[in-house]
Amino acid sequence: MYGMAHRALRQMMLDRLGPSVWAKVERETGTGPADLISLCVYDDSKTIALISASAAHLGMEVDEALRVFGRYWVRFAELSSFGPIMDFTGQDLVTFINNLDRMHRSVVLAMPDARVPSFTLIDETRERLLVRYRSDRTGLETFVIGLLEGLMDRLNETGTVELVDRPGTAIDFAIHLDRS
Amino acid sequence: MKPVVTIRESQLEALFRAYIKVDAALVVRGLGPFYHNRDTAVIPGAQIAELFSLRHDRDDEHAPPLDVAIPAMANTPERFELFCKRKNIRLAGIVFSTEDGGYLLALNIVPEDFIIEGQGLHISDFSQIDASVPALTLIGMQRALLAEARQAAIDLANAQSEALELLDRTQRLGRYIVHDLANYLSIIRLNVANLARSGGSAEAGRAAIEAATRHVGDLVLSLERLTGHRDVEAAPLPVDQTIRSNLAFLAAALPADFSLDFIGSAAQAAVRVGRTELITMLTNVIVHARGAMPDGGSITISTYRSDRGPTDEADMPGEDWIVIKVIHDGPGIDEEAVRLMLDPQVLARPDGADFPLRSVRTWARSIGGDARITALPETGTDICIYLPISRDTDEAEPLSAPMPGIARQRTARTLRVLVVEDEVHALDAVVEILRMDGYSATPACNAAEAVEALANGDFDILLTDVVMPERSGVELAHEVEARHPRIGIILMSGYLPDESLLQPHWSMLRKPLDLSLLSHALSAAHAKLADSATA
């Protein structure tokens with residue numbers, strides 16, 4: 001993954017548990033400043049080790065830590081230099097999800113090693129959005145749930161997200177919106 | 001004019017997000033989604049000339065008014081540009097006449113410049129085929145990446161500054177620790193001297209020495225934490241539970257055309273390692289497997305308990321191991337690849353990458369275990385990681401701990417051990433413990449003394465410290481093995497030496513010495529000698 005993910009995780013850990021715990025995570029995983037450069041691509045195993053170590057310090061299972069991190073990631077991205085691109089992608093949940101793949105295509109042009117997922121809005125009602133997720137990475141379901149929760153936070157929506165189906169290699173998530 | 005195509009409303013919206021339909025009087029009758037929720041006053045019923053002017057109106061007073069320009073440009077290929085009077089918005093497209101005598105202004109937004117910030121534009125404002133989107137996003141990405149690069153440079157500079165500060169603090173702390181150690185040392189010496197005198201109180205002296213050594217132990221722990229030398233806080237970790245709860249996460253290291261399964265049969269067996277260490281190790285194994293399986297496949301992790309160790313020589317009655325077995329059904333690696341992978345003289349693969357499995361083995365050995373890799377050409381690879389099961393929960397440490405004995409296997413003759421250690425008190429202690437347990441132990445204070453002892457007598461085992469002045473234990477081990485190939489080598493050190501300098505069949509013990517691991521290593525060496533004598 002790109003180093004930006006590592007920077008986001010570091011910031012989340014700094015926010016939650018402070019610098020001494022993050023220093024432990026770095027020590028446990030052999031991580032240093034050279035592993036935190038946004039524009040560098042690192043092996044996924046590095047990211048996995050960092051998240052696993054962070055989960056242990058947070059007192060969470062890895063899946064729960066992934067979900068928390070997914071939610072945090074959206075907040076981190078919007079406050080970072082990439083904030084204007086997120087604004088450009090959309091100002092409401094439906095528009096944002098519909099435009100995510102277009103935005104990701106441009107990301108890949110600028111960052112050729114990025115392995116971006118695909119999100120398709122396959123059904124929409126006032127209170128429920130059905131989103132189909134495809135990725136060549138596996139095991140990140142809870143991270144995606146966190147991402148969608150983070151998007152709701154960002155776009156002033158409240159609700160819940162659940163994994164509802166696994167058609168083929170895709171995964172379907174339902175976003176239940178509190179719009180009564 | 002006969003229409004070439006008929007276009008539906010939805011297609012019109014998709015192609016021309018900012019289209020406007022006007023009637024013959026140039027009153028707005030329909031409009032594209034671009035104007036929704038945007039304060040442009042472009043609404044049905046509005047007069048187009050009140051909302052827009054021709055783009056070049058700003059610079060050219062002689063530009064024709066819209067009620068002239070629109071009919072004139074209808075059905076021509078000429079580019080038609082409009083400038084919004086109310087907002088800083090520029091639109092461009094072409095004009096069609098419609099059957100009802102009106103006009104279709106087929107327009108799209110034209111960014112004022114290619115910077116996202118401040119324009120209030122969104123991807124949805126552009127048609128699916130509009131090249132402005134990748135242009136805007138790419139420039140936005142470039143600006144973001146430059147900002148990130150700038151931040152990374154600042155972070156690295158700060159990290160360097162912090163490192164220097166940390167070095168300074170560490171040096172200061174080191175001086176405090178030296179000071180404290182010197183104090184405790186003087187307490188120990190004083191009380192040893194008192195004990196040596198007949199008039200001294202043996203109990204008071206013993207208590208003082210015990211207290212001083214406890215404090216020294218605390219200082220060592222502080223130093224270990226300070227240097228990150230080892231995870232002194234690692235509690236016994238249930239292996240099955242840990243792998244199971246991290247399985248989805250481990251699978252995240254694999255592309256979609258892989259499957260990862262886990263069969264845990266080790267029940268509650270625990271090992272004394274950090275959770276991060278264990279998961280990082282497994283990740284390394286999986287990353288290796290992924291590299292060996294270009295067409296994908298299945299990887300299975302299984303665990304079980306075993307009373308047989310990683311090598312036949314290491315089998316110890318009563319010893320208990322947890323074995324983590326990783327098998328995959330890829331094309332596998334051949335024996336030569338395994339040999340290269342484990343040969344410490346080979347620093348890296350020809351493509352420059354490190355060997356992940358070698359680091360797995362190094363890690364396993366550092367905690368008293370080992371790793372065994374078996375090539376199964378064309379059918380896969382079998383990787384077994386042996387870790388000693390922690391029995392801490394069964395063994396409560398007594399308040400006044402007696403020195404644990406070494407559970408030595410009884411054999412026909414006494415094992416002759418040459419102990420090399422430059423710290424004379426540590427040397428005395430190890431020699432005494434070995435002798436109490438029936439070994440024949442000979443002390444040597446340095447490599448030169450060891451070589452001399454070997455010239456004057458026969459030994460079965462060389463047990464040597466690594467960090468010594470003049471000649472290191474590793475250098476000594478190489479020299480001794482060259483001259484006495486049958487001798488068993490056991491190294492002991494507070495630090496893990498460079499793996500590439502070690503022979504794979506040597507044993508490595510970490511200081512402070514764990515006597516059960518020393519027992520294990522000596523027994524293994526003993527068993528090996530017995531086997532070779534039988535053969």
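What the table shows:
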read-out: Segment B:428-498 - Rg (one decimal) and Dmax (whole number), Cα, Å; value: 11.9, 33
read-out: Shape box of segment A:3-59 [Cα atoms, principal axes, largest first, Å]; value: 27, 18, 15
read-out: Burial ordering of B:ILE94, A:ILE122, fewest other beta-carbon atoms within 10 Å first; value: A:ILE122, B:ILE94
read-out: Exposure proxy ranking, count of Cβ atoms within 10 Å, fewest first, for B:HIS328, B:HIS526; value: B:HIS526, B:HIS328
read-out: Residues whose placed amide H lies under 5 Å from that of B:GLY380, excluding near-sequence neighbours; value: B:GLY332, B:ILE333
read-out: Mean separation of Cα contacts under 8 Å, 6 or more apart, over the residue count of chain A: relative contact order %; value: 19
read-out: Karplus-derived 3J(HN,Hα), 6.51/-1.76/1.60, for each residue of segment B:99-105, Hz, glycine and proline x; value: 5, 8, x, x, 9, 10, 8
read-out: Bins of 5 Å from zero: percent of alpha-carbon pairs in segment B:110-174; value: 4, 14, 17, 12, 8, 8, 7, 7, 6, 6, 5, 4, 2, 0
read-out: For B:LYS21, B:LYS85, order by how many other beta-carbon atoms lie within 10 Å, fewest first; value: B:LYS85, B:LYS21
read-out: Karplus-derived 3J(HN,Hα), 6.51/-1.76/1.60, for each residue of segment A:85-101, Hz, glycine and proline x; value: 5, 5, 4, 5, 6, x, 10, 9, 4, 5, 4, 4, 5, 5, 9, 4, 5
read-out: Over chain A: helical MRE at 222 nm, DSSP H runs n ≥ 4 each giving -39500 (n - 2.57), nearest 500; value: -17500 deg cm²/dmol
read-out: Amide H contacts of B:MET492 (H built 1.01 Å from N, under 5 Å, at least 5 apart or other chain); value: B:THR464, B:ASP465, B:VAL466, B:LEU509
read-out: Using θ = phi - 60° and Karplus 6.51 cos²θ - 1.76 cosθ + 1.60, couplings along segment A:64-72 (whole Hz; Gly, Pro as x); value: 5, 5, 4, 5, 4, 5, x, 5, 5
read-out: Convex hull per residue volume in Å³, alpha carbons only, for chain A; value: 118
read-out: Sequence-distant residues sharing a close amide H with B:THR98 (under 5 Å, placed H); value: B:TYR103, B:LEU104
read-out: Distance cut-off 24 Å, percentage of C-alpha pairs in segment B:9-130 lying past it; value: 20
read-out: Kirkwood Rh and Cα Rg combined as Rg/Rh, segment A:78-177; value: 0.94
read-out: Lysines whose Cα lies under 28 Å from that of B:LYS325, excluding same-chain neighbours fewer than 8 positions away; value: A:LYS46, B:LYS528
read-out: Relative contact order of segment B:416-534, defined on C-alpha pairs under 8 angstrom at six or more residues apart (%); value: 21
read-out: Area projected by the alpha carbon convex hull of segment B:416-534, averaged over all directions, nm²; value: 6.9
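Readers should treat all values here as calculations from the given coordinates under stated rules, not as data from a laboratory. Since the model is a prediction, treat every value here as computed from it, not as a measurement. Virtual Cβ from ideal backbone geometry, glycine too; neighbours counted across all protein chains shown.
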